[in-house]
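The block underneath contains the structure these notes are about, expressed in structure tokens.
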Amino acid sequence: MNALRSILGGAALLAAAPALSAPVAPGEAARLPMARDERVAEALVTAQQAVISSDRVALADALRIVERSGAQPLQGWSGADPVSAWRTLVPNAEGAVLRGSPLGPGYRTGQVGAGKIDSFQQVFLSGRKASIALSTAGGEPLSLRVIDAERRPVCLADAPRRACRWVPVFTQRYMIEVRNGGQSQANYFLVVD
């Protein structure tokens, strides 16, 4: 009985420990199902492209995904929210909020110069799944990095899927970095769930 408790306790600790995201081979990435934050990040890029090409149907579809997820701008982010402007172009794009995180995912847009890093901090709660997804309209070589309060890397993610998932052992602030390894400025969307 004690051996069984030890095994179960060890398994619980392993499941709760933060780990570096393992690299995913390009062929494997396409087969993995997208998490909610990834779907929202992709929908934000799709909406941006739909506005540029004046495609109201694609814009409405993309906004429906954002609305149903319950996504809102990240608390403390002071940038311009493109979603509210996009909603005025297709006012009937709203839908029912899906189940999931009580507040839904949060999003932000940003720009990062060539060879530069854009960073901000976010608190994640102990024992609750943390999930971050990064998307960009172009083929910019952006990568996502999450660092804990002790300056240890929790996740390093780059193309083809720029997403991080872990369960924090302690409630703490994490540094989220968007790195641009390219030769020109890049615009991005980042979703935290």
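The values are calculated or read from the model by the stated rules, or taken from the named source; none is laboratory data. Here the structure is a predicted model, which means the values were calculated and not measured. Note that we place each Cβ from the backbone using ideal geometry, even for glycine, and neighbour counts take in every protein chain shown. Accessible surface is based on the protein model in full, side chains and every heavy atom, while ligands, DNA and RNA are left aside. Shrake-Rupley method; radii C 1.70, N 1.55, O 1.52, S 1.80 Å.
So which of R173, R151, R128 ends up being part of a strand (DSSP E or B) and surrounded by fewer than 22 Cβ atoms within 10 Å (Cβ to Cβ)? Steps first, answer last, please.
Details: R151 fails: part of a strand (DSSP E or B); R128 fails: part of a strand (DSSP E or B).
Matching residue, one of R173, R151, R128: R173.
Look at the range 55-74: where a residue is in a helix (DSSP H, G or I) and a partner is aromatic (F, W, Y), sitting 6+ places away or on another chain with Cβ atoms under 9 Å, you get L59/W86; A62/W86; L63/W86; V66/W86; V66/Y107. For S78, state whether it is at pLDDT 90 or above and open to solvent by 70 Å² or more (accessible area, probe 1.4 Å). It is false that S78 is at pLDDT 90 or above and open to solvent by 70 Å² or more (accessible area, probe 1.4 Å). Of everything in the range 29-48 that is open to solvent by 80 Å² or more (accessible area, probe 1.4 Å) and modelled with pLDDT of 90 or more, the residue that is farthest from L134 (Cα to Cα) is R39. Among the candidates G104, G110, the residue that is at pLDDT below 90 and either open to solvent by 10 Å² or more (accessible area, probe 1.4 Å) or not hydrophobic (A, V, I, L, M, F, W, C) (or both) is uniquely G104.
Within the range 133-148, restricting attention to residues that are hydrophobic (A, V, I, L, M, F, W, C) and touching a helix residue (DSSP H, G or I) at 6+ places or on another chain (Cβ under 6 Å), which residue is surrounded by the fewest Cβ atoms within 10 Å (Cβ to Cβ)?
Here is the first cut: in the range 133-148, the residues hydrophobic (A, V, I, L, M, F, W, C) are 133-134, 137, 142, 144, 146-147.
Narrowing the set further to residues that are touching a helix residue (DSSP H, G or I) at 6+ places or on another chain (Cβ under 6 Å) leaves 133, 137.
Numbers: A133: 28, A137: 15.
Among residues in the range 133-148 that are hydrophobic (A, V, I, L, M, F, W, C) and touching a helix residue (DSSP H, G or I) at 6+ places or on another chain (Cβ under 6 Å), the one surrounded by the fewest Cβ atoms within 10 Å (Cβ to Cβ) is A137.
Among the conditions (1) assigned to a strand (DSSP E or B); (2) in contact with a Ser or Thr (Cβ under 7 Å, 6 or more places away or on another chain); (3) open to solvent by less than 10 Å² (accessible area, probe 1.4 Å), N187 misses just one, which is (3).
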